[in-house]
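Report on the following structure.
The values are calculated or read from the model by the stated rules, or taken from the named source; none is laboratory data. This is a predicted model, so every value here is computed, not measured. Here Cβ is always computed from backbone atoms with ideal geometry, including for glycine, and neighbour counts include all displayed protein chains.
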Amino acid sequence: MGDQFFDIILFAMIAGFLVLRLRSVLGRRTGAERPPPQEPFARRRLETRPDDKVIELPESAVRRAPEPDSAAPIKDEPLSAVLTQIQIADPSFQPQEFIKGATAAFEMIVGAYAKDDTKTLRPLLNDAVFADFSSAIAERQKAGHRLQSTLIGVKSAEIIEARLEGRVAFVTVKFVTEQINVTRDASGAVVDGGPDKATSVTDIWTFARNTRARDPNWTLVETRSPH
């Protein structure tokens, strides 16, 4: 009887030791853990049919800029202060991750615009920008023109402006890219640009997001060219 009691105590001690080891390795959830950071510009789920066209630039066709140093501070102090305010409002916001996502969105939007793919553009743009893009596409189609756009490379992408209006954050990115843009008429003749004419293009795009929304995606709300 004494030996059996001793065995029970010994097994209980071993079980307790194993539980402690597992907690030390796996950790113990308390309910106060921070949620994993959300990916900016996460790809939206779109209902598709077998005949739908999904526009994505092939990786081999795009020469990306070097990955930005995530530890590099923003030198502009007023801009850095606003970005800090956005991070306080939305802890998942990280400037360097935002730049990566904005660059991917830029590539997708440029590709979809060239393909007249308004279905892909719709969830990426706000109403005003979508109306502008749709109008330009409609005019191109009415003229019987077709745009061929090749994004050769992204030379640079940097945040140049930011502001927080209530719950809505606005972040402006300057993209410097190398592109080949060719517009052809119905017969295939070139009416603008050229297949061998690479140009450096600078675009300034502003993205916005409600920092309290569950949706992690940012929306393009303004486009402009440098003065």
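Quick look at the numbers
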item: Failed item in (1) more than 24 Å from Thr199 (Cα to Cα); (2) at pLDDT 95 or above, with Ala105 passing the rest; result: (1)
item: Filter pass, Thr211 being over 28 Å from Leu79 (Cβ atoms), touching a residue at least 40 places away in the same chain (Cβ under 8 Å) and among the hydroxyl-bearing types (Ser, Thr, Tyr); result: no
item: Any hit, the range 180-203, residues being of a type outside the set (A, V, I, L, M, F, W, C) and under 30 Å from Gln87 (Cα atoms); result: yes
item: Positions within the range 96-116 being part of a helix (DSSP H, G or I) and acidic (Asp, Glu), in sequence order; result: Glu97, Glu107
item: Ala169 vs. criteria over 30 Å from Ala143 (Cα atoms) and modelled with pLDDT of 95 or more; result: yes
item: Residue within the range 67-78 that is within 21 Å of Val176 (Cβ to Cβ) and at pLDDT 95 or above present; result: no
